[in-house]
Amino acid sequence: QNNYKVVVAGAAGGIGQPLALLLKQNPLVSRLACYDIAPVTPGVAADLSHMDTPAKVTGHKGPEELGSAIENADVVVIPAGVPRKPGMTRDDLFNTNASIVRDLAQCVASKAPKALVAIITNPVNSMVPIASEVLKKAGVYDPKRVFGVTTLDVVRAAAFIGEINGVDPRSVTIPVIGGHSGVTIIPLLSQSQPAVKLSDQGKIQELTKRIQEAGTEVVKAKAGGGSATLSMAYAGARLTNALLRGLNGESNVVECAYVKSDLTEAAYFANPILLGKNGLEKNLGYGKLNAYEQQLLKEAMPELLKNIKTGEDFAKK
Ligand code: APR
């Protein structure tokens with residue numbers, strides 16, 4: 001079946017444009033709706049529509065065209081947001097992005113209540129609880145259908161391990177659990193397949209820190225020009241494509257994502273999940289942690305709990 005409607009909300013952005021480019025190439029997508037508030041949005045859609053792949057692309061600009069974008073969507077991917085500008089505090093940024101995600105989730109609730117929702121907008125740890133609360137209030141919440149995109153953490157871990165081991169990074173499987181920022185990112189290097197070729201624990205800890213802080217590597221290298229967009233788009237497309245393969249009945253589709261969870265005291269938690277016709281089919285958990293990984297989990301928990309509470313408090317306002 002190539003009959004799925006995918007919406008990119010924030011399609012004119014640094015992440016949104018390459019994300020839409022990648023999704024336009026998926027033969028499972030029959031309709032690709034590009035939504036954004038930026039004036040360039042219809043142009044982005046027109047540009048993509050000239051690609052010779054089956055997906056029909058439509059552009060939707062501004063809140064009055066949001067409904068037509070979201071209507072009957074199978075998957076809604078959300079990279080909409082604002083980057084931090086000079087003079088803006090973290091709280092300002094949070095409130096702006098939180099309002100954007102809240103409004104988009106409200107529209108999903110009314111126009112596409114069965115859609116799978118994949119959230120890229122940061123802070124992901126808080127945005128997934130916000131969208132979930134909004135859908136709950138509207139009476140259409142299904143925890144199997146809301147995902148925080150943590151795929152970039154997995155992609156980075158595999159890229160770095162591929163480099164260290166001298167193998168194709170696509171042959172590396174590595175679970176990354178927890179959340180999607182700093183100490184909440186917990187790469188389970190002990191479970192990497194193939195095993196990471198690092199001799200001592202010091203090097204394992206260095207690699208762990210590199211994965212946790214990889215976003216900062218990009219921010220520094222872009223020298224004021226923003227944060228990760230291209231690798232994030234790649235990662236967002238990878239999760240979206242996996243969601244579509246699951247919807248389409250493919251078996252054994254497994255990805256890490258940040259979802260509603262009762263595995264730990266955190267109400268939302270990332271780990272490998274099995275995807276299927278209804279979204280999350282089965283939470284696969286995270287297996288056995290070694291002593292170092294247990295310590296990382298302990299360090300992550302207060303931050304993750306705080307992030308979740310911040311999101312829930314915002315949604316309740
Ligand atoms: N509805 C839809 N789109 C919006 C809205 C809104 N209410 N507000 C802003 N946007 C759009 C902007 O017009 C822009 O095209 O979101 C896009 C964001 O793109 P960039 O500013 O280039 O930011 P980007 O680097 O893509 O990051 C977006 O993803 O990783 C996270 O932290 C990052 O939250 C940020 C988001």
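Given the conditions (1) under 17 Å from the mean Cα position of the chain (by Cα); (2) under 25 Å from Asn125 (Cβ atoms), report the number of the one that Asp74 does not fulfil.
Only one criterion is unmet by Asp74, namely (2).
Table: residues versus (1) farther than 23 Å from Arg84 by Cα; (2) surrounded by fewer than 19 Cβ atoms within 10 Å (Cβ to Cβ); (3) touching a helix residue (DSSP H, G or I) at 6+ places or on another chain (Cβ under 8 Å); (4) without any contact (Cβ under 8 Å) to a residue 12 or more places away in the chain.
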site	(1), (2), (3), (4)
Pro187	yes, no, yes, no
Lys209	yes, yes, no, yes
Gln212	no, no, yes, no
Leu244	yes, no, no, no
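Scan segment 176-194 for residues that are within 15 Å of Tyr292 (Cβ to Cβ) and either modelled with pLDDT under 95 or not hydroxyl-bearing (Ser, Thr, Tyr) (or both) and jot them down.
Answer for segment 176-194, where residues must be within 15 Å of Tyr292 (Cβ to Cβ) and either modelled with pLDDT under 95 or not hydroxyl-bearing (Ser, Thr, Tyr) (or both): Val176, Ile177, Gly178, Val183, Ile185, Ile186, Pro187, Leu188, Leu189, Gln191.
Looking at the structure I just gave you, is Thr89 surrounded by fewer than 22 Cβ atoms within 10 Å (Cβ to Cβ), farther than 24 Å from Ala228 by Cβ and of a type outside the set (Lys, Arg)?
No: the conditions fail for Thr89.
Of everything in segment 188-223, what is among the small types (Gly, Ala, Ser) and within 16 Å of the ligand (Cβ to nearest atom)? Give them in sequence order.
Once the filter is applied, which keeps residues that are among the small types (Gly, Ala, Ser) and within 16 Å of the ligand (Cβ to nearest atom), segment 188-223 yields Ala214, Gly215, Ala221, Ala223.
Going by the conditions given, is Ala112 within 16 Å of the ligand (Cβ to nearest atom) and farther than 30 Å from Thr216 by Cα? Don't jump to the end; show me each part of the working.
Working: within 16 Å of the ligand (Cβ to nearest atom): yes; farther than 30 Å from Thr216 by Cα: yes.
Yes, satisfied.
Would you mention how many residues in segment 25-41 are touching a helix residue (DSSP H, G or I) at 6+ places or on another chain (Cβ under 8 Å) and either buried (at least 24 other Cβ atoms within 10 Å of the Cβ) or within 13 Å of Val76 (Cβ to Cβ) (or both)?
6
Do the conditions hold for Ser199, that is, is it within 17 Å of the chain's Cα centre (by Cα), farther than 22 Å from Tyr268 by Cα and hydroxyl-bearing (Ser, Thr, Tyr)?
It is false that Ser199 is within 17 Å of the chain's Cα centre (by Cα), farther than 22 Å from Tyr268 by Cα and hydroxyl-bearing (Ser, Thr, Tyr).
Identify, from the list Asn3, Asn26, the residue that is at pLDDT below 95 and of a type outside the set (Lys, Arg).
Asn3
Residue pairs, Cβ under 6 Å, 6 or more apart or interchain, first in segment 37-58 and more than 10 Å from Lys24 (Cβ to Cβ) and in contact (Cβ under 8 Å) with a residue 60 or more places away in the chain, second in a loop (DSSP other than H, G, I, E, B) and more than 9 Å from the ligand (Cβ to nearest atom). List them.
Every condition considered, no pair remains.
Quick one: is Val77 more than 10 Å from the ligand (Cβ to nearest atom), buried (at least 24 other Cβ atoms within 10 Å of the Cβ) and within 23 Å of Asn307 (Cα to Cα)?
yes
Among the residues that make up segment 81-89, is at least one of them in contact with a Phe, Trp or Tyr (Cβ under 6 Å, 6 or more places away or on another chain) and either of a type outside the set (Phe, Trp, Tyr) or in contact (Cβ under 8 Å) with a residue 40 or more places away in the chain (or both)?
no
Output the residues belonging to segment 224-258 that are over 17 Å from the mean Cα position of the chain (by Cα) and within 15 Å of the ligand (Cβ to nearest atom).
Correct list: Gly224, Gly225, Gly226.
Against the conditions (1) farther than 22 Å from Leu296 by Cα; (2) touching an Asp or Glu at 6+ places or on another chain (Cβ under 8 Å), where does Ile186 fall short? Just the number, please.
Looking at each condition in turn, Ile186 falls short on (1).
The values are calculated or read from the model by the stated rules, or taken from the named source; none is laboratory data. Here the structure is a predicted model, which is why all the values come from computation and not from measurement. Note: ideal-geometry Cβ built from the backbone for every residue, glycine included; neighbour counts use all protein chains shown.
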